[in-house]
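The values are calculated or read from the model by the stated rules, or taken from the named source; none is laboratory data. All of these numbers come straight from a predicted model, not from anything done at the bench. Heads up, the Cβs are rebuilt from the backbone with ideal geometry, glycines too, and the neighbour counts pull from every protein chain shown. Just the protein is used for accessible areas: all its heavy atoms, side chains included, with ligands, DNA and RNA removed. Shrake-Rupley method; radii C 1.70, N 1.55, O 1.52, S 1.80 Å.
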Amino acid sequence: MEDCLAKKMEITVSEAEKRTGRNAMNMQETYTAYLIETRAVESQSEGQCAPVDSLWRRYSEFELLRNYLSVTYPHIVVPPLPEKRADFVWHKLSADNMDPDFVERRRIGLENFLLRVASHPVLCQDKIFYSFLTQEGGWKEMVNETGFQLKADSRLKALNATFRVKNPDKRFTELKHYSDELQSVISHLLRVRARVADRLYGVYKVHGNYGRVFSEWSAIEKEMGDGLQSAGHHMDVYAASIDDILEEEEHYADQLKEYLFYAEALRAVCRKHELMQYDLEMAAQDLTSKKQQCEELATGTVRTFSLKGMTSKLFGQETPEQREAKIKVLEEQIQEGEEQLKSKNLEGRDFVKSAWADIERFKDQKNRDLKEALISYAVMQISMCKKGIQVWTNAKECFSKM
């Protein structure tokens, strides 16, 4: 962790800017660009003021970076990006991805993504990631030259592996179920929170009516007028306070959303393991088949029914020379298959070892982050209640002085 990029470089996404340009189809589009600023930490520690390097990136470039990392490091739980379009919103929030409040929250999320990657013991050392932070021109070309898209597994192949693996690893199967359940639980939590926010907003704003009524009432009362007017002012303050409260709540909702998306990153690691296990089983099956064919040719016996066996019966047996040639080809294929199987076994063991180490790292991070977020949310609710009590205490004093 001492060598991670986050220790050597300050990384911020400091600004978001709405722009208009032309896309690949030469059609005009409006998009948001984000300003990434980096500064070396070493020169600051030496008492010098390090210069700030800056460049602009679109959200689609962040997506390209993450896709590259996911394909290049399949054994790693790659940090997720913030949502592209708002989800789990309550009525006061806009679902428009160009809404200033949403863009600001996404800016914070993109900065968090970069810091997550920069703090990861493996991802932080990636040269493409460093180029993303420091090299504005030609970055996309560098990514495409890696050929990462050719290494990406097709969805059809992944689906096939899910249903056809005969000996799945129990740990990865359980992890896949856990990620599904984690996503479900957090989704429900965010929906509940959105409903609560809706109702709470309504309740607080209705209290503003007290202010209007007390103000009207105070106009017809001589002795009680000042007290009613002051109490009405406190009710107005109470009604207005909900805007800041729910804005702060969105920060905690976004922290939960990050782990909603982390669940998919966990599943991606599980799917990759399934694919590797599927390839291993297919290679073993193919090797067994070739060994059986070789044995049948050498002994002249056919153990199982096959089209080849029927053809031999109908059109005569092969000559000894033909049989020897086929045996030689099969023996070469068997040797190649054994080496391939050995290589896949080693690759699978290395993947499991690396993946499980990163999953344990992720679990520690998740436990720490969610515990902190939930405690902070509870503290915020306590603070909100204390402010409410203070407002009603002030109102009580106003009534007492009437």
In nm, what is the difference between 0.36 nm times the number of residues separating residue 198 and residue 286 and their Cα-Cα distance?
-> 25.7 nm
Here the gain from full extension of residue 101 to residue 149, 0.36 nm per residue of separation minus their alpha-carbon distance, amounts to 13.9 nm
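Please give the peptides 245-256, 182-193 ranked by average Cβ packing (other Cβ atoms within 10 Å per residue), highest first, as a rough proxy for protection. List each step's numbers first, then the result.
Numbers: 245-256: 17.6, 182-193: 15.2.
Taking the mean over residues of other Cβ atoms within 10 Å, the ranking is 245-256, 182-193.
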Solvent-accessible area per residue for the chain (1.4 angstrom probe, square angstrom) = 60 Å²
Beyond 28 Å between alpha-carbons counts as too far, so tell me which of 151/328; 18/387; 7/257; 18/140; 344/366 fall in that bin.
-> 151/328; 18/387; 344/366
Of the peptides 103-109, 52-58, how do they stack up when ordered by the mean number of other Cβ atoms within 10 Å, highest first?
-> 103-109, 52-58
Got the relative contact order for the chain handy, in percent, Cα pairs under 8 Å and 6 or more residues apart?
-> 18 percent
P(r) of segment 150-252 in 5 Å steps, Cα pairs, percent per bin?
-> 2, 10, 11, 11, 9, 8, 7, 7, 7, 5, 5, 4, 4, 4, 3, 2, 1, 0
Give the cross-link partners of residue 386 among the lysines, using a straight C-alpha distance below 20 Å as the criterion and excluding same-chain residues fewer than 8 apart.
-> 205, 396
Within the chain, which DSSP H helices have Cα atoms that stretch 18 Å or more along the helix axis and a mean Kyte-Doolittle hydropathy of at least -0.5?
-> 59-72, 100-119
Before rounding to the nearest 500, sum -39500 (n - 2.57) across all DSSP H runs of length at least 4 in the chain and divide by the residue total; then give [θ] at 222 nm in deg cm²/dmol.
-> -25000 deg cm²/dmol
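With a Förster radius of 25 Å, plug the Cβ-Cβ distance of residue 212 and residue 247 into 1/(1 + (r/R0)^6) and report the FRET value to the nearest 0.05. Intermediate results must be reported in sequence, preceding the final value.
Details: r = 24 Å, r/R0 = 0.97.
Once rounded, the FRET efficiency stands at 0.55.
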Got a sec? Charge dipole of the chain, +1 on Cβ for Lys and Arg, -1 for Asp and Glu; which of 345, 224, 359 is way out at the positive end?
-> 345
Would you list which aspartates and glutamates come within 13 Å of residue 170, measuring only between C-alpha atoms, while excluding same-chain residues fewer than 8 positions from it?
-> 274
Contour excess over end-to-end distance, with Cα ends at residue 325 and residue 354 and 0.36 nm allotted per residue | 6.1 nm
For mean projected area of the Cα convex hull in nm² the list reads [x] 57.0; [y] 42.5; [z] 32.1; the calculated value is entry [z]
Straight-distance crosslink candidates among aspartates and glutamates, where the alpha carbon sits under 13 Å from residue 342 and sequence neighbours closer than 8 are dropped | 279, 281, 350
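Which whole-number percent gives the relative contact order of segment 137-273, counting Cα pairs below 8 Å spaced six or more residues apart?
Values: 80 pairs, mean separation 47.6, N = 137.
It rounds to 35 percent for segment 137-273.
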Grab the alpha carbons of segment 186-226, take their convex hull, and tell me the volume per residue in Å³.
-> 46 Å³
Would you calculate the separation in nanometres between label points at residue 15 and residue 396, each defined as 7 Å from the Cα along the Cα-to-beta-carbon direction?
-> 5.1 nm
